[in-house]
Structure formats: C-alpha cells, structure tokens
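Report on the following structure.
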Amino acid sequence: MSQEWTFPASFAQERVWMANQLDAGSPVFNVSIPWRFPAGVDADMASDVVNRVVARHEALRTHLRVDDGALVQVVRAHEPVPLPTTDLRHLPESERLAAFEAVRAELARTPIPLDTPPLWRARLVRLGDAWALVFVVHHAVFDSHSAVLFHAELAAFSAAARTGAEPAVPELPIQYADFAVWQRDQLAGAELDRQLAFWTGHLAGAPPVTNLPLDRPRPAQLGFAGDEVRFDLPDGLLDRVGRLAAGAAATPYMVLLAGFAALLSRISGDTDVVVGVSTAGRDTPELAPLIGMFVNPVALRCDVSGDPSFTALLGRVRDGLVDAMEHGQTPFQKIVEAVDPQRDPSVQPIFQTALNYIPDSGLDPVELGTTKDDLAFDITAGECRLVYRTELFDRSTAETVVQRYVALLTAAVADPERTVAALPLLTDAERDLVLGAWNDTAREVPPATVVDEVQRQAAATPDATALVCDGVPLTYAELNTAANRLARLLVSRGAGPETRVALALPRSCELVVAMVAVLKSGAAYVPVDTGYPAGRIAYLLEDTAPALVVATPDTAALVPGGALVLDGEIGADQPDGDLTDADRRSPLRPEHPAYVLYTSGSTGRPKGVVVEHRAVTAYLAWARHTYPGLAGAALLHSPVSFDLTVTGLLGTLTAGGTVRLAAIDSPAARAGGRPAFLKVTPSHLPLLDGELSPTADLVIGGEALTGEQLAGWRAAHPDVAVVNEYGPTEATVGCVAARTAPGEPVPPGPVPIGTPTWNTRALLLDAALQPVPPGVVGELYVTGAQLARGYHRRPGLTAERFLPCPYGPPGARMYATGDLARWRPDGTLDYLGRRDDQVKVRGMRIELGEVEAALLAHPDVRAAAAAVRTDGGEPTLVGYLVGPAHEDSVRAELARELPAHLAPAALVRLDALPLTPNGKLDRAALPAPAAAAPAEDAYVAPRTEAEALVAEVYAEILQVEKVGALDDFFTLGGNSLRGMRAMARIRAEVDVDLPMRALFSSPVVADLAAQIEQRIAAELDGLSDSEVAALLAAEEESS
Amino acid sequence: MAEPRFLVVRNDEEQYSIWSADRDLPAGWHDTGFAGTREECLAHIDTVWTDMRPRSVREAHS
C-alpha cells in the first residue's frame, strides 16, 4: 500500500461528508469538468499532464475516513497511473460528440464513495486528432474555483510538454491539509464563539422554513432527487441589472438576489426570507492557487416587510450580504448546530433556496438529476438554470417559477422605484385565467324575491307534498294558504320590508309556515334557536330590534312579552290568497332583506348577517340547477339558524320537492325511504347509514372535507353525486362548490371546493390585494350576486369586511372571507383554512387538515381531529382520534407519513368528536391532553439488547449519565457531528449496514434499536440456513 | 414604522368602506375626505353610516 498521512478534515469536508451520508448512493456532489487537450498532445502526454496536476495538489490524492469516531482526511503519496482511453474515431464524425457526452454523463452520474481513493474519475477520449479529458471529482475535494485552477494547470503542463519549457504554474507554499489544520486551530474557542454569536443574533427569530407553494407535502425525509429547468435571460437584462447595480453602489449579484427575495416573498407570503449564498472561502493569498474544497454556505436574511420599493430592498440585500460575507468563514454546520439543533429531516436547515451568480463559467451540460436545495438558481451570462427538488415540485411549477423570476426582475430593473408588492407576478395569460376564464360565471337569472319563487311553485304543484313533520304531510297549497293567513296577521302587527320578525319556534311545520309568512309580509326572518341560553336569546332580540317576535305556547316564556304566540286558531280568519304589494306596508323588492342570521365571530359579539332576497334567489337558481335531488325528498335536520339549511328548505320549496323535518338521529328521519337530497357537515358523515343516505345528491358544507373522511361513505354509495359546498353566510349559503359525479372517485387528501356559483366570482388576493398566481396561497374574496348587504347595525364591521372590488364593475364590493385558498392547475379552488387560524408550531405553518387526513388513514381510526393548543404556554400540536387504534401504531403511521413538524406531540382518544349544535366540530370542546405525558421525562430502562447498545453509545458520545429507551439523541444534546460518531460506534458493535439518515429519522433509542433489529433480521433472511449456523457458531466461539 | 393610512370611501349606493391611502381607488368609489388609521376610519364609519340600506332601496322606499 502506498504511503499515507492523516489530518483532520476541514469543516467544509465534514459538511459535505455529512450531507453525503444522507444518501451515499447519490451523485449529488459530483463535479464534472471536461477539457480538450491542444493538438499535438498524445495519450501518454495527456496522461502525464493529468498526473502532474494530481502530484502538485494533495487534495486530488485525498479521501475521507472515520478514525476513532472522528472524520479525517487521508493524503496518499503520489503514484502515477495511466488514464484509461477511449477512441471514438471509429464512429462517424457526427456521432462522436454525442458518444463523448455519453461517456461523460455516465461518469458524472456514478457516485464516488468518499472512503475509497481517489475521489475523482478520469478518462481520455479521442475525438479526432486531439484528445479530450473527462474528469469528474467529488465536491469534498474540489470547488468552482478549483475548476479554474485545474484547467489552467492542464493548459500550462500541456504547453510545457509540447515545448519542453518549464510549466508556468505558481508555487504552492501550503497544501490543503495545512489549511484544514490551521482552520481547526483558528475557528475554535473564543473566536468561534464570537462568530457564532453573530449568526445566532442574525438569525434569531428567522422562519425555519420559507413557505414555498409546494405541489406535494414534504416527505418525512428529504432526499437529493432533483431536476433542472434551463433558460436564457432576455437579451440585455443582465446589462440592465449591471447598470442598476452600478447606480446603487451594489453588485449585479445583489440585484439578482433582491429579485429572488422579492419573488420568494411574493409566492410564499412571508416577509422574512432566508436565501443561501456561498463564500469562496479563500481569504488569504496562500489559498488562491490551491485545489480543494473551500466554499462555505452563508445565510442571507432578507427583510421584505413594510412593502419596500425594489431600490429599498436592494439596499437591504446589499447591507445584509456585506454583513454575511464578513462572517462568511464561520463553518455552516456550526451555525446549524447553534441555531437549529433540533433539525427536522423534512426541511433543509436555515435556508431551502439559493441563488448563485456565475457569470463566466457555463453550466455543466450533464444534468445529474440531483439537488441540494428545494429551489436553486444558477445565473450565468449564457444559459441559466433553476434546480428543484422533485419530491416537492412538478416540472411545470419550476418552469413557472423561472417565468415569474424573469418577469419580476425585468420589471424591477425597468422601474426600481416600484414597490415589491406592485411588481408583476402573473403572466398575462395567468391573469386572464384567474380573473377571467376561471371566474366566467355569468348566467341570466331574472331578479325575483323568494316569495315569487315559492308562489310560482305552489301554483305549479298545489297538490304535491311540500312538507312532512311528525308524519303529518302538508301540500304546497296548504302551506301557501297557511303562510298567506299568517303573513296578513304579521303585516297587521307591523311586519314589512326593512323590518325583522324573530322566530322563537322549534323545528315544526309552524316554523316553516312562519318563515314563508315572514317572507310574504316583506320582513326578514330571524331564527332564534330556542335551545340557546337565555342571555344569548336576549342579546339577539335586543340587537335585532324586531317588529315582532313569534313564539309557540312552549317557547313564549323564553322571549319578552308581547310576542305573537302561535296556536291552532291564530290567523284563521285572514284571507288566504297570495299577498300583493297593496297588502304590505310598502312594496317588496328583491333588494329587501329576506333573513338575518347570526354568526359567532372568533372574537366579539355574534353579528347578524343581513341577506337580501336577490342574493337568496341567485343562490337558489344555481342550487336547483345543480341539485336535481331538490325536486325529491330532502331531509332537513339542522337548525334553521344555520344557513346550510336554506338549500334543503327554500331550495326544495322552490323546486317542487318535499321537505322532511326531523332530527338526523330520530326514527322520523328514516320514515318514507331514503331522501333524494341531504346536506350535512363532514362531522355528520359517520352517522349516514343506508337508510339516511340520499339517492341523488349528498351536499357537504360548513367545514373542510378530506377524501379520507368521505372514503367509507363513498365506497358504499358510489352512485350518488357528492358536492363539496363552500360558503360563508355573508355570501349566501354556498358561493363555491365542487361536484363529484356519480361513479367518479374521490382521491385522498383535501377535497377541492371547486368553482364559483353563477354570477359569483372568487378572487384570491395577496396582502396588497393583487391576484395571486395559481398554486400560491391567497386570501379568498367573494364578489357578485350573492353578497349579503352587511352586518345588521354594524357599519364599521361591514365596511371592514365588504371592500371596494378592484376587479369588478364600478362600485362593486367584495367580501373578505378571511379564508385561505389556492387555485389548482385545473381552475378549481383548494380550501386551506382560516387566515386567523394559521397556526405555527416552532415557526412552521401547520396544515391541520393534513394531520387529520393522516390520522384517518389509519384503518382503526374512525374519526379524527387535530388542534394546536397553548395550554402549557408553547403551542403544541395535539391529535384526537376515535376508534380502537393503538396509540403506538398511530404514532408509527404518522412518523412514516408526515414530516416531523406535523406529528402531534400528544394523542388523545375520544369516544366521539364534540360537535356544535350546527354539526360542526366543536374545537373549543376538545379536551386538553393529560398533563405532562409521563413519557416526557420518565426514565424507561432499555428493554432489549439493541436498545441497551444504542443507549450506551448515546451516553458515551453525549457524556450523559443515564439514557433511557425513550430518550431522543438530539434532545439530549446531540448534533450531526456527534451523530456521525454515534453511528460509527454502533456500526462497529453490530455488523449492520446502518445509514446515517437512520439517526435523523429515528433519533429515539427505541426507534433506532428497532431499525437495527429490522436490518439484522433482513440480512439474516438473505442468508441460507447453513450460513446462519456458521455465524452462530462463530458467535459462540468469540464470546 | 408609521401605521398604514386608510381612506373612508363610498360608492354610488352610499355603501361605505375603507381603502389603503396609497393604492388606486377602484372605479365607482369616491373618497369621502376622511383619512386615518384603519381603526379611526372604521370608527368614523360607525358614526356616519346611519342608514345601511343601499341608496336605491332607500329612495324607492320613501
């Protein structure tokens, strides 16, 4: 064996080694730098030239090895080796270049193991008269400046070989290993502490992840799988970038970075973004001529808050970059350990995006199919590229990111005084889609009142059954007549347009008659839920200021005196024909309110939403068209104070169907066979058995819906249409809906809410009220025919939520729903929860729906919920489940499916999910998890040999006295470097191929032990019986 | 940093709303002349928007 010397690895080598360990089979760190020898250099000379360069630079004779748990670089004495050759002259000239590229691509894509010298691959290829060199080298010993040096030395030695002159290469006063030793000495103790103090201060409070619009949720463990989009910048753009830089005391790189930061902020909605940049790491002249790995990543934190102009942002980027570069020698992994020790293997620490400006070096034509970052731009003077992580993004999304960057940068450079929010993000085509084609909902609906519609139906089908309650049917004629009589009585008691009549009535025929009667009188009805506490009823009646309260003998006591109490006789003496405007106190028009429904805000008093007739009839026209089941029987089970019931009640009564009034769990709900139409909340789904399930339309509204929640029901009823209907009361019942036709499958994950209803437009806007592009999260604004008038007697609140609409006819308003959504590529909307509920745990945005869907994916979980609780001060994620599933198996399932930040810290088993009277999940009633889960600090002694081994290694490496089976490596103070030593120790104790990433995905003693056992079992499975017997015998002997 | 400024604005139906002072006002909306913080504007609207019926409804009614 040749002579070798060991030195400590440099920090950069250690970082590359660590990262490489996460997937040692990936060529992600291969650097490919081909070169063409001048004519006259033959194969032997070429081989000798390469050998001379290798002889000069120890880095090219270095490999890495773990010695006693520490990473060392091993330098070998130079032994010249002839390079293999390939002669392509037998091919037609036109095919030679392609063949050369094939050789090159093959070498570039073949991983180079770090522990086996040399860390490069070379081949001489004869293309014609001259020879070309294919050279691929591992990033652990090579960086981009090394490539420049390497080519220069090849040229110098080639020239020398041909002329016999001395090669024109600089002296090398030191070698790379000298630098590593010096660096280890420099960056230690107080100096390192000082530098780290800068970085922990600089990055304090920075978001741990930029919330990029991903096509897929983060996998539990990131890999290096990547792809790239190549593109050219528009002609002259880099020149204009340069001119702007020159005028702003900045560099072109800073302008490119400012554009990138602006883009990231706009597509993520974050105003604090961290981008990766690199320092060359060659601060002293001795290092300039050395081949080796010196580059150090640096985090650039960009403050995009306060809607700065692009010029102002450029200034911030310039200052930030200068600051960061001044501290650019701090080893990046030390910063990671100081800032983000509890790393989440689904997220790259500190930054996930990068931008490199390499004006002079072209791109490597070989695409490795790998990436280190989620998104990384390489900008050159020629061809540029965006490298992206294929686990997170589709190619089409990456292409769109490129388009947006180029468009935004072009506009920013043309007019740098524009604010970041005003820079264009959408292409014209996208703008046309989100404002036009996807909102093309215009439909002729003649203006009408609800009264017109009900009377039209009563005249058309007088003898059809309109209503069934407690087994008693009422025909359309009977309902209309009864309502006419009561309406006249109401008018005589003061009811009329622009007044309100409160209905303190239980679910009954009388309630429906009274609702229709109030509408006929011209007044708006206000349902009063008689089950509510007296205080709430009193508040509601006080706020409503009704002209009249209607009650029954049973409920009269709940309301103030003077109420109209319905008994059998009342109104019997009134004429029974339809009312005309002459019978009313003033004419009824479609612009008058039809009802006032009270909704609870998350804060403050309940507020009455005033909905006009024209908005209700606009919705009903769409609903009758969309739900053929409304012409059949509709089960009405929810309280009428909940606007979800408008569909089943007024929709049915204007379509000729039969309203069946019954509680969902009462026998009456099942009398008369399956309903044709049923509207429920997702929480009701588990209650829907064969008899309750509708035959035509199941409409789900009120809450977010996932495919998992629907899966069981859908499997049993594939022949029914399912519609996911979204709509705040302020936009009348349902304003966006997605229909799944009979037979159409419902994939797992969130069910889209679909497209806007007739004459309604859905706008997704950012904080500056600019439309967001498809795929980007925005706040949902609704505009059009279904908007409510506002909040009863709340002008300020109305003005706050109903805003001028910049994208509609003059004077139009748009309602700010406070909900987040995004456009899918097919023009349907995904609902992403309340903006106020945007919950973050440890700075990471949490999608509760994702957690709930993963819980429901467990076969033994029937219902699930997730919530972020702050019982103990710090926000923690809690999972709730109903069903026999064992907690450990649920946890294991979640760990496989979800990134660590989405795994609940506690699981709580419930008999049933708590529901509000409206059938929605009652989040406030979810119990707190049992205080201080015992596993948190209780010591559990290792239970198996593998656990004992892992615990012992942790204790030794981390200098901890006692390590239990449930202790976490990183919680105990572990970091990646110590992790590397721990894994080396474990591998030395048990002869099993355990990858470094096992520690990141399973840092708990018991979990890592289980992985070890699994791998041993798998290896044993691969052995024959006799091999196992031999192994056991060997074991016997050695012990 | 200074709190963002808003305007109290009104459309032809005499419905009130608020609008960021440094953004272009959409067509069909008019500046009422009152400007202030978001809270000040909303409080102002609470005092001046006393009849919340759209103007067309109010005029037909009377």
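The values are calculated or read from the model by the stated rules, or taken from the named source; none is laboratory data. Computed from a prediction, not measured in an experiment: that's the story for all the values here. Neighbour counts run over all protein chains shown; Cβ positions are idealised from the backbone, glycine included.
In this structure, does A:Thr481 turn out to be surrounded by fewer than 18 Cβ atoms within 10 Å (Cβ to Cβ) and at pLDDT 95 or above?
No.
Is there any pair linking a residue in the range B:44-55 that is more than 8 Å from chain A (Cβ to nearest Cβ) to one that is surrounded by 19 or more Cβ atoms within 10 Å (Cβ to Cβ), with Cβ under 7 Å and at least six apart or on different chains, and which?
B:His44/B:Val8
Looking only at strands (runs of 3 or more DSSP E) that lie completely in the range A:1-74, which have at least 2 residues being within 42 Å of the chain's Cα centre (by Cα) and surrounded by 21 or more Cβ atoms within 10 Å (Cβ to Cβ)? Don't jump to the end; show me each part of the working.
Values: elements: A:4-8, A:30-32, A:62-67.
Counting at least 2 such residues, we get A:30-32, A:62-67.
Looking at A:Thr251, is it more than 30 Å from A:Asp394 (Cβ to Cβ) and among the β-branched types (Val, Ile, Thr)?
On the way: more than 30 Å from A:Asp394 (Cβ to Cβ): yes; among the β-branched types (Val, Ile, Thr): yes.
The answer is yes for A:Thr251.
I'd like the full set of residues that are surrounded by 18 or more Cβ atoms within 10 Å (Cβ to Cβ) and without any contact (Cβ under 8 Å) to a residue 24 or more places away in the chain, limited to the range A:141-187.
A:Ala156
Every residue in the range A:646-682 that is β-branched (Val, Ile, Thr) and under 23 Å from A:Ala863 (Cα atoms), please. Lay out the reasoning, then the answer.
Taking the range A:646-682 and keeping what is β-branched (Val, Ile, Thr), we get A:646-647, A:652, A:654, A:658-659, A:664, A:680-681.
The answer is A:Ile664, A:Val680, A:Thr681.
From the list A:Val41, A:Val49, A:Val53, pick out the single residue that is closer than 30 Å to A:Gln186 by Cβ and β-branched (Val, Ile, Thr).
Step by step, each of A:Val41, A:Val49, A:Val53 is checked, and only A:Val53 is closer than 30 Å to A:Gln186 by Cβ and β-branched (Val, Ile, Thr).
Take the range A:221-267 and flag every residue that is part of a loop (DSSP other than H, G, I, E, B), touching a Lys or Arg at 6+ places or on another chain (Cβ under 9 Å) and more than 18 Å from A:Tyr388 (Cα to Cα).
Listed by number, the residues that qualify are A:Ala248, A:Ala249, A:Ala250, A:Thr251.
Please go through the range A:766-798 and give me each residue that is within 32 Å of the chain's Cα centre (by Cα) and outside any loop (DSSP other than H, G, I, E, B), ordered by number.
Result: A:Pro771, A:Gly778, A:Glu779, A:Leu780, A:Tyr781, A:Val782, A:Thr783, A:Gly784, A:Leu797, A:Thr798.
Those residues that are assigned to a loop (DSSP other than H, G, I, E, B) and surrounded by fewer than 17 Cβ atoms within 10 Å (Cβ to Cβ), I need them from the range A:579-613; list them, please.
Residues satisfying the conditions are A:Thr580, A:Ser586, A:Pro587, A:Ser600, A:Gly601, A:Ser602, A:Thr603, A:Gly604, A:Arg605, A:Pro606.
Could you please find all residues in the range A:198-254 being charged (D, E, K, R) and within 21 Å of A:Ala376 (Cα to Cα)?
Selection gives A:Asp215, A:Arg216, A:Arg218, A:Asp227, A:Glu228, A:Arg230, A:Asp232.
Residues to consider are A:Thr552, A:Thr475; find the one that is surrounded by fewer than 21 Cβ atoms within 10 Å (Cβ to Cβ), touching a helix residue (DSSP H, G or I) at 6+ places or on another chain (Cβ under 8 Å), of a type in the set (S, T, N, Q) and touching a residue at least 12 places away in the same chain (Cβ under 8 Å).
A:Thr552
Does the range A:382-425 hold any residues that are within 22 Å of A:Arg218 (Cβ to Cβ) and charged (D, E, K, R), and which are they?
Hits for the range A:382-425 are A:Arg389, A:Glu391, A:Asp394, A:Arg395, A:Glu399, A:Arg404.
Tally the residues that are assigned to a loop (DSSP other than H, G, I, E, B), at pLDDT 95 or above and surrounded by fewer than 20 Cβ atoms within 10 Å (Cβ to Cβ), restricting the search to the range A:119-140.
Going through the range A:119-140 one residue at a time, the tally reaches 0.
Does the range A:680-692 contain any residue that is at pLDDT 90 or above, in contact with a helix residue (DSSP H, G or I) (Cβ under 7 Å, 6 or more places away or on another chain) and within 26 Å of A:Pro447 (Cβ to Cβ)?
no
Condition check: among the β-branched types (Val, Ile, Thr) and over 15 Å from A:Ala354 (Cβ atoms). Does A:Thr279 satisfy that? Reasoning before the result, please.
Working: among the β-branched types (Val, Ile, Thr): yes; over 15 Å from A:Ala354 (Cβ atoms): no.
No: the conditions fail for A:Thr279.
If we scan the range B:6-14, do we find a residue that is among the charged types (D, E, K, R), more than 12 Å from the chain's Cα centre (by Cα) and more than 8 Å from chain A (Cβ to nearest Cβ)?
No, the conditions are met nowhere in the range B:6-14.
Considering each of A:Ala338, A:Ala312, A:Ala354, A:Ala299 in turn, give the residue that is surrounded by fewer than 20 Cβ atoms within 10 Å (Cβ to Cβ) and under 27 Å from A:Leu187 (Cβ atoms).
So the residue among A:Ala338, A:Ala312, A:Ala354, A:Ala299 that is surrounded by fewer than 20 Cβ atoms within 10 Å (Cβ to Cβ) and under 27 Å from A:Leu187 (Cβ atoms) is A:Ala338.
Here are the criteria: (1) among the small types (Gly, Ala, Ser); (2) surrounded by 15 or more Cβ atoms within 10 Å (Cβ to Cβ); (3) more than 20 Å from A:Gly749 (Cβ to Cβ). Tell me which single one A:Ala903 does not satisfy.
The one condition A:Ala903 does not meet is (3).
Provide a single number: the residues in the range A:778-800 that are away from chain B (no Cβ under 12 Å) and either surrounded by fewer than 21 Cβ atoms within 10 Å (Cβ to Cβ) or of a type in the set (Asp, Glu) (or both).
Residues in the range A:778-800 being away from chain B (no Cβ under 12 Å) and either surrounded by fewer than 21 Cβ atoms within 10 Å (Cβ to Cβ) or of a type in the set (Asp, Glu) (or both): 1 in total.
Condition check: modelled with pLDDT of 80 or more and either within 15 Å of A:Pro899 (Cβ to Cβ) or charged (D, E, K, R) (or both). Does A:Asp871 satisfy that?
no
Only one residue in A:Thr465, A:Thr427, A:Thr475 is modelled with pLDDT under 95 and β-branched (Val, Ile, Thr). Which one? Before the answer, list the steps.
On the way: A:Thr465 fails: modelled with pLDDT under 95; A:Thr475 fails: modelled with pLDDT under 95.
Selected residue: A:Thr427, the only one of A:Thr465, A:Thr427, A:Thr475 that is modelled with pLDDT under 95 and β-branched (Val, Ile, Thr).
Considering only the range A:648-673, state which residues are touching a residue at least 24 places away in the same chain (Cβ under 8 Å) and in a loop (DSSP other than H, G, I, E, B).
Residues satisfying the conditions are A:Thr654, A:Ala655, A:Gly656, A:Gly657, A:Ala662, A:Ala663, A:Ile664, A:Ala671, A:Gly672, A:Gly673.
Looking at (1) modelled with pLDDT of 80 or more; (2) part of a helix (DSSP H, G or I); (3) among the small types (Gly, Ala, Ser); (4) buried (at least 19 other Cβ atoms within 10 Å of the Cβ), which is the one condition that is false for A:Gly849?
Only one criterion is unmet by A:Gly849, namely (1).
Out of contact with any Ser or Thr (no Cβ under 8 Å at 6 or more places or on another chain), modelled with pLDDT of 95 or more and either within 9 Å of another protein chain (Cβ to nearest Cβ) or under 26 Å from A:Gly306 (Cα atoms) (or both): which single residue out of B:Ala2, B:Ala27, B:Ala21 fits that description?
None of the other options fit; the residue is B:Ala27.
Can you name every residue in the range B:36-51 that is among the small types (Gly, Ala, Ser) and crowded, with 16+ Cβ neighbours inside 10 Å?
B:Gly36, the sole residue that qualifies.
Which of the residues that make up the range A:518-549 are surrounded by fewer than 14 Cβ atoms within 10 Å (Cβ to Cβ) and either closer than 24 Å to A:Thr481 by Cβ or touching a residue at least 24 places away in the same chain (Cβ under 8 Å) (or both)?
The initial filter retains those residues of the range A:518-549 that are surrounded by fewer than 14 Cβ atoms within 10 Å (Cβ to Cβ), namely A:531, A:533-535, A:542, A:545.
The answer is A:Gly531, A:Ala534, A:Ala545.
With the condition kept exactly as written, say whether any residue in the range A:701-721 is touching a residue at least 40 places away in the same chain (Cβ under 8 Å), more than 30 Å from A:Glu399 (Cβ to Cβ), in a strand (DSSP E or B) and out of contact with any Asp or Glu (no Cβ under 9 Å at 6 or more places or on another chain).
Checked the range A:701-721: no residue is touching a residue at least 40 places away in the same chain (Cβ under 8 Å), more than 30 Å from A:Glu399 (Cβ to Cβ), in a strand (DSSP E or B) and out of contact with any Asp or Glu (no Cβ under 9 Å at 6 or more places or on another chain).
Residues of the range A:806-845 being among the small types (Gly, Ala, Ser) and at pLDDT below 80, which ones?
A:Gly843 - this is the single residue of the range A:806-845 that is among the small types (Gly, Ala, Ser) and at pLDDT below 80.
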